[in-house]
Every structure is written in C-alpha cells, then in structure tokens.
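For reference, the structure is listed below as structure tokens.
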Amino acid sequence: MELLYRIHDRITVAGLAGGAASVALIAGCFWYEVVARYFFNAPTSWAYDVASFALCPTIFLSVPEMTRRNAHVVVSYLVDGMPDHIRAPLSKLLLLACAVICLVAAWITGAETWRQYVRGVETITAIPILKWWVSIFIPYGLLNTSLHFWRQLAGVAPTIPIEQGGLS
Amino acid sequence: MTWWVVLSGSIAMLLVLLALSIPIFVAFLILNFTGVLLLFGTSGFGLFANSIYSTATSGALTAVPLFIAMGEILFRSGAMEVLFDSLDRLVGRIRGRQYIVCILLSAVLGALSGAAMAVAGLLGRSLFPAMRKRGYDTEFSAGTILAGASLDPIIPPSVLAVLVATAADVSIGKMLIAGIIPGIVLTGMFLVYVIIRVYFKPTLAPDIAADIVDRKTSGSALGALARMLPSLFVFFMVMGLIMLGIATPTEAAATGVLGAIILAAFYRRLNVRMVVDAFYAAATVASLLLLIMCSAVMFSQILTVTGAARTLGEIVVHLQLSAWVMVFAMLAVPFVLFMFLDQLALLLVLVPIYQPIIKIYGFDDIWFWTLFLIVATVGGLTPPFGYVLFALKSAAPDVPIQVIYRASWPFVWIITAGMFLFAFFPELILLLPRLMGPH
C-alpha cells in the first residue's frame with residue numbers, strides 16, 4: 001500500500017507542476033496576442049481560447065495537492081471550540097462527506113466527459129477542438145481530491161503543515 | 001417546490017455546512033448536487049457538469065492566477081525594499097512618520113498586487129517589529145498595517161475585484177478602475193486620522209530625534225521619487241494599458257506579469273526559480289479560489305430556474321423602500337455576515353439575490369458592486385474572524401489577538417464613513433470608469 005500512496009502523492013505533486021505550467025501558458029498566450037495585435041497588426045484567433053482552456057488544468061491539476069496539504073478554505077471557529085470527544089468524530093464525518101461528494105461530482109463530470117468523447121463534441125470557439133481534451137481535467141481533479149479525502153479519513157495521509165487559503 | 005423553500009432552505013443548508021467547517025467548495029457541491037437532484041433529477045447532472053466546465057474555462061477568470069503571479073514576482077523582485085526606502089525618505093520629519101510610511105507603502109503595494117493578507121503578513125514581519133522597536137505604539141502600529149492592507153483589494157489590480165465583477169457579470173476593466181479614487185480617498189482619510197491622533201496623543205510615536213536616526217532619510221527627495229518610477233512601470237503595464245484601451249483586463253494581467261519580470265531583472269533579482277515559484281504560488285492560490293467559483297455557479301442557476309431570485313425582487317418592489325434604505329440594507333447585511341463568513345462564499349450567495357434588486361432600483365452596477373467590494377474588504381478587517389487580522393497575528397505571534405482586534409475598529413469605522421461618502425457622491429466611483437467609455 002505504501003508504494004501506492006507514494007505513487008498517488010507523486011501524481012498529485014506532478015499535477016501541481018502541470019497547474020503552474022498552465023499559468024505560464026495563459027500568460028504566454030496573452031503576451032503573444034498583445035504583441036501580435038499591436039506590433040504586427042495580426043491578432044490571433046486562438047490565444048484567448050487557449051488561455052481560457054488552460055484555466056481548467058490550472059484549477060483541477062492543482063486542487064488535489066491543495067487537498068493533500070489540507071489547504072482548502074474553511075470556516076473553522078465553531079468546530080475549533082468544540083470538545084475533543086465531539087470534534088474528532090465530527091471531523092471524520094465531514095471528511096467522509098467531502099470524500100463522497102467529490103467522488104459523486106467526479107462521476108457526474110466524468111460521465112459528461114465520456115459523453116463528449118463518444119459523441120465527438122467540439123468546443124464552440126474560433127478554432128474548435130474536442131471538448132473532452134479540456135473537460136477531462138475536471139473529473140481527474142475531483143477524483144484525485146476525493147482519494148486524498150479518503151486517505152485522510154483512513155489516517156494514511158502524509159502529515160503536511162496546514163495552510164489556510166484566503167481571498168483577501 | 002416553492003421559491004422561498006428553495007431560497008431559505010439552501011441558505012440555511014449552506015450556513016450549517018460552513019459552520020461545521022466543511023471546505024467551502026464542498027459545501028457548494030453538496031448544496032448544488034442536492035438542488036439539482038431535487039429539481040431536475042438525474043437529468044440535471046449534465047447541467048451540473050457544464051456549470052463547472054463553463055466557469056473553469058471562463059476567459060475573464062484567467063486574470064486571477066495572473067494577478068497572483070504578478071504580486072508574487074513583485075514581492076520577490078526587491079521592489080518592496082526600494083519603495084520602502086523611497087517613501088521613508090519622502091515622508092521626512094513628521095512625528096509618527098512610520099505610521100504614514102506604513103499606510104503609503106500599503107497603498108503603493110495595493111497598486112502593484114492586491115492581496116490584503118499578503119501585505120498584512122509582509123508588513124507584519126518587516127515593518128511592524130521595526131516600528132515597535134523604535135517605540136511606536138503596538139496597537140496603533142497594528143491598526144495602520146491592517147488599514148493599509150485593507151486598501152489592497154480596493155486599489156487595482158485586485159483579485160477580489162475580478163471575482164466580484166465576474167460573479168456579478170459586470171465589466172472587469174471598469175470594476176478595477178472604479179477602485180482607484182476610493183482607494184486614494186481612503187488612503188487620505190487614514191493619513192488624516194493618523195496625523196490627528198498623533199497630534200493629540202504624542203506618546204503614540206517616539207520623539208522625531210530618536211525616530212530620524214536612520215540613513216534612509218538621507219539623499220534627495222527627487223532621487224527618492226526617481227527610484228519609485230520603475231515600480232510605476234508595472235502599474236502602467238496593467239492599469240495604463242486598460243485605460244488606454246490597448247489591452248483587455250485579462251491581457252493587462254499578463255502584461256503586468258511581464259512588467260514584474262522586467263522590474264525584477266532591473267533590480268537584478270530575476271532568476272528562473274523565482275518565476276517558477278511565482279507560477280506555482282499562482283496555481284495554488286488561484287485553484288483554491290476558482291474551485292469555489294466553479295462549485296458555486298450552479299447555485300445562481302438554481303435560484304433562477306426556481307424563480308426565487310425574480311420573486312424575491314418582486315417582493316422587494318412591493319415593500320416600496322426608498323433607494324437609500326435599500327442600498328443601506330443591501331450593504332449592511334454583508335457587512336455583518338462578512339464578520340463570520342468567507343468573502344467569496346457570501347459573494348456567490350448574494351450576487352444572484354441582489355442582481356434583480358439592482359435592476360429594479362436602477363442602481364449603477366459598477367457603483368453598487370464597488371461599494372460591495374469595499375464592504376467585502378472591511379470583512380477581512382472586522383473581528384472576530386477577519387482574514388487580515390489573522391494574517392497579522394501569524395506574522396506577529398507575540399501580540400495578543402485582542403490588541404489586533406482593538407487596533408482594527410477605528411479603521412473599520414473610517415472605511416465605513418468612506419463608504420457613506422462614496423454612496424452619496426457616486427462620481428467618486430464612477431468618474432474614471434465613465435472616462436473609459438462604453439467598453
């Protein structure tokens with residue numbers, strides 16, 4: 001099992017690298033577009049679409065690593081104030097809920113991606129591409145996230161310092 | 001199912017889930033999955049999947065990771081040190097000068113990045129210990145750092161403004177530009193407050209003679225201004241290009257990243273590792289924020305399909321409240337709720353409820369959502385659960401949280417007074433967006 005966990009962790013970390021690369025791709029697309037339009041008077045028909053598509057892997061390749069790091073945004077003040085004998089089982093129950101809903105969402109989005117694959121559905125963009133090339137990242141991200149929640153529930157997740165995300 | 005059952009049931013369910021400390025994106029997934037199942041059955045699953053896909057491929061939201069990457073590169077570029085030294089020189093011989101430097105530096109940082117937590121953490125680790133060491137009042141120092149940091153989501157570029165504009169379906173460019181004048185006005189109000197407080201209570205700051213023994217105060221003021229110019233270049237690469245109509249907000253976010261890279265090269269700090277780290281940070285922070293957006297968008301569709309948002313709007317019309325009372329109520333609700341709830345979660349719940357009301361009353365979208373943005377910013381400052389308070393607390397663990405709580409209140413009320421000003425004089429918000437033209 002240890003080997004499987006290690007492989008899972010490496011896939012997750014590699015996913016984050018893919019997410020970071022997607023951010024670079026977004027930036028590169030827009031740089032190219034601005035230069036092409038204003039210096040060469042030759043706007044592209046693809047840059048905006050490619051950048052938009054790259055947002056999907058940016059989010060869903062990175063999210064499993066955020067789950068592994070326990071970094072999701074939560075409002076924890078009520079539970080923090082609870083006594084241990086209530087908080088511990090409640091935390092397990094919440095992890096179970098997280099694992100199940102992410103698995104269900106992965107299944108729903110995976111089914112939709114499969115439908116797009118089977119029917120050859122294309123994007124409605126200037127240069128159409130197969131939609132599943134983009135949407136495949138969504139079930140991947142949700143499924144991998146679910147696996148991390150299951151591992152946390154089973155107590156076999158790596159100990160990583162908790163980070164809190166935040167908007168402001 | 002009647003509209004009020006959908007509306008009250010879903011909000012109650014969301015609040016319970018959030019209070020149980022379930023991740024916000026999971027709370028929205030549970031809410032929307034339940035809603036889809038009850039309203040459409042399994043045939044609604046395609047709608048559920050497509051709402052996630054459409055948000056995850058929204059071109060407007062590409063600005064979010066780019067603005068975060070830009071801020072990360074700037075924090076590592078050495079620009080902060082140069083800005084601090086220059087402002088320290090420019091402020092000159094005024095009692096309480098570090099308070100003023102702190103607020104001005106935060107405002108300038110706001111014009112370069114736009115994450116209050118990051119700035120509160122940065123100043124909490126760098127400026128705050130130096131101020132306390134020099135004899136500045138701990139509580140008032142904490143207050144000026146919190147106040148300064150709260151300017152950052154208001155002054156563009158701002159990730160929060162992009163998220164508000166996207167959720168509310170208004171022009172991102174106008175929303176960003178609308179924050180410039182309120183940001184400057186609030187900076188001015190903070191400065192006036194600080195000067196008055198120090199004037200009437202001189203013990204808040206050390207004697208000038210003790211405060212000024214610092215080599216940074218040497219050199220010409222012109223030289224200090226000149227040293228700040230390269231940082232203005234980054235601001236131009238974002239807001240300048242938007243205002244000149246050369247780049248869209250998303251393109252400007254990308255040119256801002258390029259500007260930050262050029263600035264890092266100018267300060268001889270540029271290296272591959274730094275840029276890679278910035279893109280990693282952008283992916284991590286953006287994924288957390290945008291996953292919540294992806295999970296929550298279906299909620300507004302459910303409210304629309306059930307007619308909840310429309311019917312609520314009709315009820316509001318029957319109440320025949322004056323426009324001012326309505327604006328006050330619409331801003332007072334999030335003002336209170338932001339003390340306890342996450343900004344993005346609450347934003348995504350309130351947008352579909354507020355949109356029909358805004359249309360009915362004919363409020364200017366940019367004006368209202370900019371006021372809302374400022375309320376959300378205050379939410380980060382208000383005890384007991386403002387994010388920015390905890391960012392400062394984690395940067396200065398020896399300072400009791402009660403001191404940080406007390407420090408924030410005067411500035412919360414100043415921002416609230418500023419909001420009344422912006423509400424009564426809408427041109428303060430709308431002047432610059434109008435100059436931008438219709439697009």
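Given the structure, is B:Leu381 in a loop (DSSP other than H, G, I, E, B) and either at pLDDT 90 or above or within 15 Å of the chain's Cα centre (by Cα) (or both)? Yes.
Of everything in segment B:124-150 that is touching a Ser or Thr at 6+ places or on another chain (Cβ under 7 Å) and touching a residue at least 60 places away in the same chain (Cβ under 8 Å), the residue that is farthest from B:Ser394 (Cα to Cα) is B:Ser150. Of the residues making up segment B:315-327, at least one is over 16 Å from A:Val74 (Cα atoms) and among the polar types (S, T, N, Q). Here's a check for you: in segment A:102-139, which residue that is in a loop (DSSP other than H, G, I, E, B) and among the hydroxyl-bearing types (Ser, Thr, Tyr) is farthest from the chain's Cα centre (by Cα)? Filtering first and then ranking leaves A:Thr125.
Do we have any residue at all in segment B:17-34 that's part of a helix (DSSP H, G or I) and farther than 22 Å from A:Thr145 by Cα? The answer is no; no qualifying residue exists. If the condition is being touching a residue at least 40 places away in the same chain (Cβ under 8 Å) and either part of a helix (DSSP H, G or I) or exposed (fewer than 15 other Cβ atoms within 10 Å of the Cβ) (or both), then segment B:417-434 contributes B:Ala417, B:Gly418, B:Met419, B:Leu421, B:Phe422, B:Ala423, B:Leu428, B:Ile429, B:Leu430, B:Leu431, B:Leu432, B:Pro433.
For residues in segment A:29-45 being in contact with a helix residue (DSSP H, G or I) (Cβ under 8 Å, 6 or more places away or on another chain) and over 18 Å from B:Ile242 (Cα atoms), which is farthest from the other protein chains (Cβ to nearest Cβ)? Out of the qualifying residues, it is A:Ala42. Whether a residue is acidic (Asp, Glu), in a helix (DSSP H, G or I) and over 23 Å from B:Asp342 (Cα atoms) was assessed, and A:Glu33 passes this test. Being in contact with a helix residue (DSSP H, G or I) (Cβ under 6 Å, 6 or more places away or on another chain) and within 14 Å of chain A (Cβ to nearest Cβ) is a property that holds for B:Phe279.
Evaluate the following for B:Ala260: is it touching a residue at least 12 places away in the same chain (Cβ under 8 Å) and farther than 27 Å from B:Val91 by Cα? No; evaluated as a whole, the condition is false for this residue. The residues in segment A:50-84 that are in a helix (DSSP H, G or I) and either within 8 Å of chain B (Cβ to nearest Cβ) or among the hydrophobic types (A, V, I, L, M, F, W, C) (or both) can be counted, and the count is 19.
A single member of A:Ala105, A:Ala47, A:Ala51 is surrounded by 23 or more Cβ atoms within 10 Å (Cβ to Cβ) and in contact with a Cys (Cβ under 8 Å, 6 or more places away or on another chain), and it is A:Ala51.
Among the residues of segment B:154-208, those that are part of a loop (DSSP other than H, G, I, E, B) and over 26 Å from B:Leu348 (Cα atoms) comprise B:Lys201, B:Ala205, B:Pro206, B:Asp207. Where helices (runs of 4 or more DSSP H) fall entirely within segment B:249-339, those with at least 1 residues that are closer than 19 Å to B:Phe233 by Cα are at B:249-266, B:272-305. Residue count for segment B:109-127 under the criterion of being away from chain A (no Cβ under 14 Å), in a helix (DSSP H, G or I) and crowded, with 24+ Cβ neighbours inside 10 Å: the result is 2. Among the candidates A:Ile26, A:Ile11, the residue that is among the aliphatic types (A, V, I, L, M) and within 7 Å of another protein chain (Cβ to nearest Cβ) is uniquely A:Ile26.
Considering segment B:182-209, the residues that are within 15 Å of the chain's Cα centre (by Cα) and crowded, with 18+ Cβ neighbours inside 10 Å include one that is farthest from B:Glu139 (Cα to Cα), namely B:Pro182. The conditions of being buried (at least 21 other Cβ atoms within 10 Å of the Cβ) and modelled with pLDDT under 95 are met by B:Ala391.
Kindly check whether there is at least one residue in segment A:96-116 that is polar (S, T, N, Q) and more than 11 Å from chain B (Cβ to nearest Cβ). No, that holds for no residue.
If you go through segment A:1-24 and keep only what is of a type outside the set (Val, Ile, Thr), surrounded by fewer than 20 Cβ atoms within 10 Å (Cβ to Cβ) and assigned to a helix (DSSP H, G or I), you end up with A:Glu2, A:Leu3, A:Leu4, A:Tyr5, A:Arg6, A:His8, A:Asp9, A:Arg10, A:Ala14, A:Ala17, A:Gly18, A:Ala21.
Filtering segment B:311-324 for residues that are modelled with pLDDT under 90, at negative phi and within 14 Å of chain A (Cβ to nearest Cβ) leaves an empty set. Sub-6 Å Cβ pairs linking a first residue in segment B:16-43 that is more than 9 Å from every other protein chain (Cβ to nearest Cβ) to a second residue that is at pLDDT 90 or above and surrounded by fewer than 16 Cβ atoms within 10 Å (Cβ to Cβ), at least 6 apart or interchain, are B:Leu31/B:Met13, ordered by first then second residue.
Taken together, the criteria exclude B:Ser300 from residues that are within 14 Å of chain A (Cβ to nearest Cβ), within 28 Å of B:Leu17 (Cα to Cα), of a type in the set (Ser, Thr, Tyr) and surrounded by 15 or more Cβ atoms within 10 Å (Cβ to Cβ).
Scanning segment B:340-366 for residues that are away from chain A (no Cβ under 14 Å), of a type outside the set (A, V, I, L, M, F, W, C) and assigned to a helix (DSSP H, G or I) returns B:Pro352, B:Tyr354, B:Gln355, B:Pro356, B:Lys359, B:Tyr361, B:Asp365. The set of residues from segment B:50-99 being part of a helix (DSSP H, G or I), of a type in the set (A, V, I, L, M) and away from chain A (no Cβ under 14 Å) comprises B:Leu74, B:Ala79, B:Met80, B:Val82, B:Leu83, B:Leu87, B:Leu90, B:Val91.
Put simply, of B:Ile358, B:Ile401, B:Ile414 the only residue that is β-branched (Val, Ile, Thr), free of Cβ contacts under 8 Å to residues at least 40 places away in the same chain and farther than 21 Å from B:Val170 by Cβ is B:Ile401.
The values are calculated or read from the model by the stated rules, or taken from the named source; none is laboratory data. In this text, all values refer to a predicted model and were calculated from it rather than measured experimentally. Cβ: placed from backbone, ideal geometry, glycine included. Neighbour counts: every protein chain shown.
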